[in-house]
Amino acid sequence: MHGAANMGGGHGASHLHLFLLGSIEAIGALLLLVPRLIQAGAVILILTIAVALVVHTVRGELRPDLLVYLAGAVLVFVHGRSTRAARG
């Protein structure tokens, strides 16, 4: 498993993009905890997961888990819109 935990060993600069993408994804996840910002958080997650999915696909890596995460983020986005519309 790759990520911020594996950034040591002199590869810090080459994995900066992973740190940035993970940080943006974490911000999106935190926004889901604030009711007024749920949709913004969902959009951030959709975009970061989509970027990760494209990068992994281009590298020939099959990541069906990212599709599940993407579907969940889209569901949160759609549900947030319908809830807001119902409230008026």
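The values are calculated or read from the model by the stated rules, or taken from the named source; none is laboratory data. Computed from a predicted model, the values in this text were never measured in an experiment. Methodologically, a virtual Cβ is constructed for each residue, glycine included, from the backbone with ideal geometry; neighbour enumeration extends over all protein chains shown.
This table checks each residue for (1) in contact with a helix residue (DSSP H, G or I) (Cβ under 8 Å, 6 or more places away or on another chain); (2) at pLDDT below 95; (3) of a type in the set (A, V, I, L, M).
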site: ASN6; (1), (2), (3): yes, yes, no
site: GLY9; (1), (2), (3): no, yes, no
site: GLY12; (1), (2), (3): no, yes, no
site: ALA26; (1), (2), (3): no, no, yes
site: LEU31; (1), (2), (3): yes, no, yes
site: GLY41; (1), (2), (3): yes, no, no
site: ILE44; (1), (2), (3): yes, no, yes
Task: Flag if HIS17 is in a helix (DSSP H, G or I) and modelled with pLDDT under 95 - done: yes
